[in-house]
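Taking it in order: structure first as structure tokens, then the write-up.
The values are calculated or read from the model by the stated rules, or taken from the named source; none is laboratory data. Quick caveat: nothing in here was measured; it's all calculated off a predicted structure. Every residue, glycine among them, receives a Cβ derived from its backbone with ideal geometry; neighbour counts consider all protein chains shown. Side chains included, ligands, DNA and RNA excluded: accessible areas come from the protein's heavy atoms. Shrake-Rupley method; radii C 1.70, N 1.55, O 1.52, S 1.80 Å.
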Amino acid sequence: MVAEHAHSAPVDAAPIVVASNRGPVSYALSADGSLTAGRGGGGLVSGLSEIGRDPEGAAAVWVCAALGEGDRLAAGRAGRRLDPADTGGLRVRMLDIPAGTFSAAYNGVANSVLWFAHHMLWQTPLEPVFDREFRDRWAAYEAYNTAFADALAEEAAEGAAVLVQDYHLALVPGLLRARRPDLRIGHFSHTPWAPPDYYRLLPDDIAEQVLRGVLGGDRAGFLTRRWAEAFAACCADVLGAEVIRDDGNDGAVAAVRFAGRTTRLGVHALGADADFLRERAHRPDVEERLAALREQVGPGRRTILRVDRTELSKNIVRGLHAYRRLLEDHPRWRGRVTHIAFAYPSRQDLKVYRDYTAEVERVAESVNAAFGTADWQPVILHVKDDFARSLAAYRMADVALVNPIRDGMNLVAKEVPAVSDHGCVLVLSREAGAAAELAGEAIVVNPYDVEATARALHLALLMDPGERAERAERLAAAATRLPPARWFTEQLHALEGDAP
């Protein structure tokens, strides 16, 4: 069986294969039908590029999905793999999954069901509703995962290491295991994992299917120990699986044994890429935006910063209410502090996200109407994504507010301390995965408690400059301990058996 699969792989099959919904390149379609490739960003691109510098890993292949019309056209024209000139030399296979199947899987299941479950976002008196329409969408999610499993089985060399990313592809490890039992397969969850009581809101068969999918891998990785423990608890509760603990590591969960297989669990806390961020934050375009922001804020004013996508989990509206409460309870800050709020639209093809973005804008406007003066705008809200402007704001922030309802990690909490010019105070939700590493130096809040968040902002603004600088230095050290390239290669080595 193994030999048959190995012989069916292409001659340029890869020793390392990565799978993710979003790839390292996207294509824009012009009116004349031409395509323009744009490089992607983030930890995966950085990590795979690092592997590409290793001769042994130079043949790594990245399998991703076509996300839009330009991507689909490029994937169709490319044949099996994209032109390396478009991908910065990376070998990329982009799957042209039918648009209807992709939408039902991505929006109808991954982002509307699995994301909501792991972030515990449902308004349970009304949702979720698992009806016949949902079952159709679930069939599309299965087809989408199957397309990835088939492509990975074709791309992987015998005994290759395959790193599958996130909740979009939860079924892939199990599907791939059935096709290629010779492979070393890892899955990494970039989100939280729901505790058993909440996870069991999913239909029983689907709750089982997702767990079995992840357990098809040799290894399952998580951003924090808390999420790994929740996954193991779900395996025990839903599947009756055996949870294996490491007595030498404070009893931490080490593996899950189920149906004759053992899947090791690992924790890899993704850090900020300090070298890249610090260099990028001092380029001319950032300096221009920094000057513009300073002029917009006005001389002598303090700044409270937040930078988020308008995802429901980010808790932007309560953050704005907390800022309003700060101005109400502590009039001394009126005219003396400005809230810079970057809320970049996310998933606007879903109505609930469009409504949330509109509410963010409404609340920001209401704060400005209540407190603004001729020379002071309390909230500076930007909803157009601008990375250089975000970096400029990182540099000038006195306080960073990161208050998600629930977050797998939250890199903004790590990026701001790494880039800040004079050290900023971090007000951090205890429900962010980053709190596992940063809580000791941050002011930690319950994200639902607007009053307590307002008090935390007040304390942050009052903090002694010496204490602020010392805390910021320790935050930056913790935040950059495992940058993306090391985070990625650490998982690879663990999967290959080079690390525990």
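Put +1 on the Cβ of every Lys and Arg and -1 on every Asp and Glu Cβ in the chain; which of Asn145, Val129, Thr263 then has its Cα farthest towards the positive end of the dipole?
Positive-end residue among those listed: Val129.
Report, to the nearest whole %, how much of the accessible area of the chain belongs to carbon and sulfur atoms, 1.4 Å probe, protein only.
Taking all protein chains in place, the chain shows 50 percent carbon and sulfur surface.
Want the number for Arg430 to Asp449: 0.36 nm per residue separation, take away the alpha-carbon distance, what's left?
My answer for the length gained is 5.7 nm.
Highest first, please rank the peptides 195-205, 438-448, 417-427 by the mean number of other Cβ atoms sitting within 10 Å of their residues.
Order by mean packing, descending: 417-427, 438-448, 195-205.
Give the relative contact order (percent, whole number) for the range 239-392; include only Cα pairs under 8 Å separated by 6+ residues.
23 percent
Quick one: P(r) of the range 412-484 from all Cα-Cα pairs, 5 Å bins, percents rounded to integers, in order of increasing distance.
All Cα pairs considered, the percentages come to 3, 18, 28, 25, 18, 6, 2, 0.
Can you figure out the FRET efficiency of Ser103 with Ala369, using R₀ = 45 Å and their beta-carbon distance, to the nearest 0.05?
In this case the efficiency is close to 0.70.
Given the peptides 153-166, 94-107, arrange them by the average over their residues of other C-beta atoms within 10 Å, most packed first.
153-166, 94-107
How big is the range 252-364 along each principal axis, measuring the range of its Cα positions in Å and listing the largest first?
65, 36, 33
Quick one: which residues, 5 or more positions from Val162 or on another chain, have an amide H under 5 Å from its amide H? H modelled 1.01 Å from N in the peptide plane, none for Pro or chain starts.
Counting only residues 5 or more places away or on other chains, the set is Val17, Arg184, Ile185, Gly186.
Taking 7 Å along the Cα-to-C-beta vector as the label spot, tell me the Arg334-Arg77 distance in nanometres, rounded to one decimal.
5.9 nm
Quick one: if the Förster radius is 35 Å, what FRET efficiency do Arg200 and Ala358 give, using the C-beta to C-beta distance and rounding to 0.05?
Approximately 0.60, to the nearest 0.05.
Under 29 Å Cα to Cα from Lys414, which lysines show up? Leave out anything in the same chain fewer than 8 places away.
Lys314, Lys384
Just to be sure I understand the curve: with the Debye formula and one point per C-alpha of the range 109-181, what is log10 I(q)/I(0) at q = 0.12, 0.20, 0.28 Å⁻¹?
Results for the range 109-181 at q = 0.12, 0.20, 0.28 Å⁻¹ read -0.41, -0.86, -1.27.
Along the range 284-294, what does the Karplus equation 6.51 cos²θ - 1.76 cosθ + 1.60 (θ = phi - 60°) give for ³J(HN,Hα), rounded to whole Hz, x for Gly and Pro?
In residue order, the calculated couplings are x, 5, 6, 4, 4, 5, 5, 4, 5, 5, 4 Hz.
Can you give the accessible area per residue of the range 90-162, in Å², using a 1.4 Å probe?
With the other protein chains kept in place, the range 90-162 gives 39 Å² per residue.
Can you tell me the accessible area per residue over the range 233-369, all protein chains present, probe 1.4 angstrom, in square angstrom?
That works out to 46 Å² per residue.
So who's got an amide H within less than 5 Å of the one on Leu426, skipping anything under 5 residues away but keeping other chains? H placed 1.01 Å off N, in plane.
Sorted by chain and number, the residues that satisfy this are Ala400, Ile443.
Which angle between 0 and 90 degrees, to the nearest 10, do you get for helix 484-496 versus the longest principal axis of the chain when only C-alpha atoms count?
Between helix and principal axis, roughly 30 degrees.
May I ask you to rank Arg72, Arg135, Arg430 by accessible area, largest first, using a 1.4 Å probe over the protein chains only?
Largest accessible area first, the list is Arg430, Arg135, Arg72.
Could you give me the percent of Cα pairs per 10 Å distance bin for the range 180-303, shortest bin first, beginning at zero and ending with the bin that holds the maximum distance?
11, 32, 20, 11, 15, 9, 1
Taking a spot 7 Å from the Cα of Leu29 along the direction of its beta carbon, which residues of the range 66-95 have an amide N less than 15 Å from it?
66-78
For the range 373-416, what is the charge dipole size about the Cα centre, in debye to the nearest 20, if Lys and Arg each add +1 at the Cβ and Asp and Glu each add -1 at the Cβ?
About 120 debye.
Determine the equivalent ellipsoid of the chain by diagonalising the alpha-carbon gyration tensor, then write out the semi-axes as square roots of 5 times the eigenvalues, largest first, rounded to whole Å.
Semi-axes from the Cα gyration tensor: 39, 25, 23 Å.
So how tilted is helix 450-462 from the main axis of the chain? Cα-based, degrees 0 to 90, rounded to 10.
Roughly 70 degrees, rounded to the nearest 10.
Note down the accessible area of Met120, probe 1.4 Å, to the nearest 10 Å².
Around 70 Å² of this residue is reachable by solvent.
Which whole-Hz couplings ³J(HN,Hα) result when phi for each residue of the range 68-82 is put into the Karplus expression 6.51 cos²θ - 1.76 cosθ + 1.60, θ = phi - 60°, listed in order with x for Gly and Pro?
Rounded to whole hertz, the list is x, 4, x, 4, 5, 5, 5, 5, x, 6, 6, x, 6, 10, 6.
Below 8 Å between Cα atoms, with a sequence gap of 6+, how large is the relative contact order for the range 147-283 in percent?
20 percent
Pairs of Cα atoms under 8 Å, at least six residues apart: use those to get the relative contact order of the chain, whole percent.
13 percent
Report the residues of the range 337-377 in range of a label on Gln123: point 7 Å along Cα→C-beta, backbone N strictly under 18 Å from it.
Answer for this model: 350-363.
So for the chain, taking the charge dipole from beta-carbon charges (+1 Lys/Arg, -1 Asp/Glu), which of Phe488, Phe342, Gly240 sits furthest toward the positive end?
The residue sitting most towards the positive pole is Phe342.
Sequence-distant or interchain residues sharing an amide H contact under 5 Å with Thr310, placed H: which?
Result for Thr310 returns Tyr344, Ser346.
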